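One structure is given below, encoded as structure tokens.
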Amino acid sequence: MRPKHHPMTHHLRPRFRARIAAFALPALLIACTKPNPLDCTDGTCTDSAFPFCDVDGALAGTPQTCIAVACTAGEFKACRGDAELTCNTTGTDYELTQCAHGCDPGVGCRLCEANQSVCTDGQAQTCDAAGQVVAAQACPLGCFEDQPRCRDVDPSNGLAMYLDMAATAPDLILSDGDFILTGNGTLVHGQTKTTLLSFYLFGEVGGSDIRVVIANHVQISGHVRVAPEKLNVHGLGPALAIVANDQITIDGYLDFVANNLETIFPTAGGILLDGCTGGQARITNVFSSPIQSGSGGGGHATKGGDGGTVGQGDPVLIAGGMGGAPTGNETLVPLRGGCPGGADDANGSFPVKPYIAAGGGALQLSSRTAIKIYSNSILNLNGLPPPTPGGSNTCYGGGAGGGILLEAPAVSLGDSARLVVNGGAACNQAGGIAIPTSLTTQPTTNNDCRSNSTLSCSQGGNGAALDGPATSGGDIPFSSGPSYIAGGGGGGLGFIRINTATGSYTKESNTIESGVLTTGTIGTR
């Protein structure tokens, strides 16, 4: 039997088969060829991950290629003929802008003509006789109204003349273990001492003296401390102000500390004023038993806690010192820190101390461009607890929180950054241990009271924080027998002020700003 053949192929003539093959070859080539998704010969980029067409290859090296973009918003990238490429507002693509006077590879669009200075659209430029840009400056605060220049920062507390020196000043780079001594303007690192470019200003009424440090760029990392070392005629250390031409960045822990708690030195920028300093405790003897009321906590943005009393009218009443009253200005003009907790009347046996627990210090940071406080960094200007009293019968009030003033066209706080101006807790017993002031929004609680057969004492007050006010020291009843000591009051809360170009600042999650916080617009001139 002869094999069967398919009716559609067996009888095809050779010439017709050749025609089928000729038509099939182009179809196979089309099926195996895909266009390059990064090619932008037609001027378009369709992949959102590669949005920009690098026409001439000036950015990535290969002409007519779609490229990824990660840039700083508003940043000039390159010229393309008489147009400039600048980063868009989200930092994900470039925008093309035609320049009326051509594009300069160094600055972007040329704004000025020959022998001209101009300021427009947030840029100031000067052109030479050939029309080339010889000076250019971004204007974060905008252009001055009737002059071809940028508006400049006018720092708080009259520091403009010092900011004018900052452009030619050295950088200030602070690292772990550094001490800034505000009394004499010295930077100490180990055995090395460096004299900073700085000036000493006597404070206005109601304000602290100020040590002004001048720098171009400021970078603070690690644990850096600020202390007064040398005190002024009032026994107080000057505040610290740093003025910078460029950015101020903090990636660490800036800590205002007492130079020596045992000698009762205050923090830099604390202040001593009638009314805001905690009221004195009273010391006396009844039936040969020494008794002492509590002194008041210092005040600042909020009131300090009152000192506790001994006795309740029968057989004796010794009133505690009043808590310091709210004082100061939310703008921190004049610059100042917190008031100290009260001491005691000494029962006439030795000179009266004006204070015991130091108020928190005062810090002003002023930058022409930006202040960046990175993640987990801390500015600690807390009020202090009383120094450890040794074996004496003492129970003094805590110091009030200080003041933090930040001002720049832009201020940013990183994740979990902390600005703290909490009040110090009161000491509540003889020989008690001073508790460090809280670095959170939680109030600092007092020490446990450990009464014994020869001493009876009441609780001291809590230091203020964002989540709770300063509290008063506990009262204690009196009867013959042991010594009686009433609790001192806790220190009040301090001020935090942030001034920017817009009156607002940026922050990431979990930041802590424990103080009476206000914002404002930065001064310009």
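The values are calculated or read from the model by the stated rules, or taken from the named source; none is laboratory data. All figures in this text were calculated on a predicted structure; none of them were measured in a lab. Reconstructed Cβ throughout: ideal geometry from the backbone, glycine too, with neighbour counts over all protein chains shown. In case anyone asks, the SASA skips ligands and DNA or RNA and just uses the protein heavy atoms, side chains included. Shrake-Rupley method; radii C 1.70, N 1.55, O 1.52, S 1.80 Å.
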For segment 35-158: rounded, prolate or oblate by the Cα gyration tensor [a/c cutoff 1.5]: oblate
Anisotropy class of segment 442-525 from Cα gyration tensor, a/c 1.5 cut: prolate
Dipole of segment 117-210, positive end: most advanced residue of P148, V133, T195 [Cβ charges, Cα centre]: T195
Virtual spin-label span in nm between A73 and N184, 7 Å along Cα→Cβ: 4.8 nm
Approximate spin-label separation D415-T331, in nm, with each point projected 7 Å along Cα-to-Cβ: 3.8 nm
Spacing of the two label points (7 Å from each Cα toward its C-beta) at R149 and T41, in nm: 5.5 nm
Extension gain, V134 back to T440 (0.36 nm per residue minus Cα-Cα distance, nm): 105.2 nm
Stretchable slack from D56 to N88, in nm (0.36 nm times residue separation minus alpha-carbon distance): 9.5 nm
Cα gyration tensor shape for segment 140-261, rounded if a/c is under 1.5, else prolate or oblate: oblate
Segment 130-170 - percent of accessible surface contributed by carbon and sulfur, probe 1.4 Å: 53 percent
Peptide ranges 359-369, 159-169 listed from the most packed, as the mean C-beta count within 10 angstrom indicates: 359-369, 159-169
Solvent-accessible area, 1.4 Å probe, carbon plus sulfur percent, for segment 472-525: 47 percent
Net length gained if the chain between R80 and K507 were fully extended (0.36 nm per residue, minus Cα distance): 150.1 nm
Set of aspartates and glutamates near K193 by C-alpha distance (under 16 Å), chain-local residues within fewer than 8 positions excluded: D176, D178, E229
About the Cα centre, charge dipole magnitude for segment 92-245 (Lys/Arg +1, Asp/Glu -1 at Cβ), debye: 620 debye
Accessible surface of D39 - all protein chains present, 1.4 Å probe, nearest 10 Å²: 70 Å²
Loop GluC sites (Glu not before Pro), segment 40-117 (other Cβ atoms within 10 Å of the site Cβ: 15 or fewer; DSSP): E75, E113
Order by protection proxy (mean Cβ within 10 Å, highest first), peptides 128-136, 211-219: 211-219, 128-136
Solvent exposure, largest accessible area first (probe 1.4 Å, DNA, RNA and ligands not counted), of S514, S472: S472, S514
Eligible aspartates and glutamates near K303 by straight Cα distance, threshold 17 Å, same-chain separation 8 or greater: D274, E330, D467
